[in-house]
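The values are calculated or read from the model by the stated rules, or taken from the named source; none is laboratory data. All values derive from a computational prediction rather than experimental measurement. Cβ coordinates were reconstructed from backbone atoms using ideal geometry, including for glycine residues, and neighbour counts include every protein chain displayed. Surface accessibility is based on the protein's heavy atoms, side chains included, excluding ligands, DNA and RNA. Shrake-Rupley method; radii C 1.70, N 1.55, O 1.52, S 1.80 Å.
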Amino acid sequence: MRVVLPAVGRFLVSGLLSLLLLVGAPAPTAVTWSMGSGAASTVRTTSTLTRTSTKATTALARLTVKGKAAKTGYARSEFGAAWADVDRNGCDQRNDMLRRDLRSVTLKAGTHGCVVLKGTLLSAYTNQTISFTRGAKTSSKVQIDHMVALENAWVSGANRWSAAKRKLFANDPLNLEAVDGTSNSQKGSSEPSAWLPRNKAYRCTYVARQISVKAKYSLSVTSAEKAAMARVLKACPGQETYRSTLTVTSGASSSGKPSAAASAAPTASSEKPATRPTATSAKPGSDGSCPAAFPIKGNENSMIYHVPGGRYYARTKAEQCFSTEAAAREAGFRASKA
């Protein structure tokens, strides 16, 4: 069946392709969303992680080996505000990843199928199941890990990139994985010579994903990092690298009934199309301060936010700024106890 995309769909897809061309890369990984309402205006864009024909060992051998660059100038804000909507699908990247990686997902009505309220995650890093419930005290149980940490990217070549390319990197699903919060905190900015997932069965995939990302963005590895990756791959010499592919389908069949792909996607309760919300978050300044209209400081490592007048507010360098406490909680942050 030939699919003729409505205007909003053509704009969405052209925007996605132009963003991806900036880094010369295929589309992000495994996320499905819809725009519009009804058979005439629903367009679903699905990107899926697939293995390539390139062996991870081969790709690793091609990576540039060099020492780390100075960390000078690094800040989370150098990669843009956290979880931007870089693909312009109307939803922030954290929720895109939660919808991709969680199962039995419940979506919040009135958010155009964006905000995940509940779901179940099998954390690849531990092979343990986690019940996710969105809330100030519970959202941090599931966090989105940058498989190649942003700080590691910075000292491996990203310090020379444009701000636009760093923003794309920070939100590229090929480099993102929803995992248990404990593992994400333990990992921090470590590379494989310092940290590997507790789940040994996932280590080959983990290293192959990192190699795929470093190859895609021409990032270097240190000799220790390369050696650690090679040790892991000895257990799986046939392990292949990964890429992501983009598919655009209509949300309805020629009969006007939802297609199988559309029926399989998570749905919220019946509602009118949501209008794009007023901005509730902003990028902090280079000194970690927040704009006057967005005074709430968010820290992504701890997923804690600080309000003006709070004990740690002045010393906190914001990684994301919010207009209200409600906006911070909606993004998954919880209030500081001090």
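Restricting the first member to the stretch 69-80 and to residues that are crowded, with 18+ Cβ neighbours inside 10 Å and in a loop (DSSP other than H, G, I, E, B), and the second to residues that are among the β-branched types (Val, Ile, Thr) and at pLDDT 95 or above, the beta-carbon pairs closer than 9 Å and six or more apart or on different chains are TYR74/VAL155.
Just to verify a result, which residue in the stretch 229-242, among those that are assigned to a helix (DSSP H, G or I) and in contact with a strand residue (DSSP E or B) (Cβ under 9 Å, 6 or more places away or on another chain), is nearest to TYR202 (Cα to Cα)? Going through the qualifying residues, I end up with LEU233.
Which count do you get for residues in the stretch 207-223 that are open to solvent by less than 10 Å² (accessible area, probe 1.4 Å), hydrophobic (A, V, I, L, M, F, W, C) and assigned to a helix (DSSP H, G or I)? Summing the residues that are open to solvent by less than 10 Å² (accessible area, probe 1.4 Å), hydrophobic (A, V, I, L, M, F, W, C) and assigned to a helix (DSSP H, G or I) in the stretch 207-223 gives 4.
Restricting attention to the stretch 126-151, the residues that are more than 16 Å from the chain's Cα centre (by Cα) and touching a residue at least 60 places away in the same chain (Cβ under 8 Å) add up to 6. Inside the stretch 197-206, residues that are in contact (Cβ under 8 Å) with a residue 24 or more places away in the chain and in a helix (DSSP H, G or I) make up a count of 6.
Of the listed requirements (1) more than 15 Å from the chain's Cα centre (by Cα); (2) within 11 Å of VAL148 (Cβ to Cβ); (3) touching a residue at least 60 places away in the same chain (Cβ under 8 Å), PHE169 misses just one: (1).
Quick one: in the stretch 70-94, of everything that is of a type in the set (S, T, N, Q) and farther than 15 Å from ILE144 by Cα, which residue is farthest from the chain's Cα centre (by Cα)?
Of the residues in the stretch 70-94, the ones of a type in the set (S, T, N, Q) are 72, 77, 89, 93.
From what is left, the residues that are farther than 15 Å from ILE144 by Cα are 72, 77, 89.
Values: THR72: 25, SER77: 15, ASN89: 14 Å.
Applying the filter and picking the extreme gives THR72.
Per the conditions (1) surrounded by fewer than 18 Cβ atoms within 10 Å (Cβ to Cβ); (2) at pLDDT 90 or above, the sole criterion not satisfied by HIS306 is (1). Scanning the stretch 281-337 for residues that are part of a loop (DSSP other than H, G, I, E, B) and either more than 22 Å from LYS141 (Cβ to Cβ) or among the basic types (Lys, Arg) (or both) yields a count of 28. Out of curiosity, is THR275 at pLDDT below 95, surrounded by fewer than 16 Cβ atoms within 10 Å (Cβ to Cβ) and assigned to a strand (DSSP E or B)? Spelling it out, it is not the case that THR275 is at pLDDT below 95, surrounded by fewer than 16 Cβ atoms within 10 Å (Cβ to Cβ) and assigned to a strand (DSSP E or B). Checked against the criterion of being of a type in the set (Asp, Glu) and modelled with pLDDT of 95 or more, the stretch 92-100 has no qualifying residue. Scoring LEU60 on the criteria (1) in a helix (DSSP H, G or I); (2) among the aliphatic types (A, V, I, L, M); (3) at pLDDT below 95 leaves a single failure, condition (3). Taken together, the criteria exclude PRO192 from residues that are surrounded by fewer than 17 Cβ atoms within 10 Å (Cβ to Cβ) and in contact with a Lys or Arg (Cβ under 9 Å, 6 or more places away or on another chain).
A residue that is of a type in the set (Ser, Thr, Tyr) and open to solvent by less than 50 Å² (accessible area, probe 1.4 Å) occurs somewhere in the stretch 152-169.
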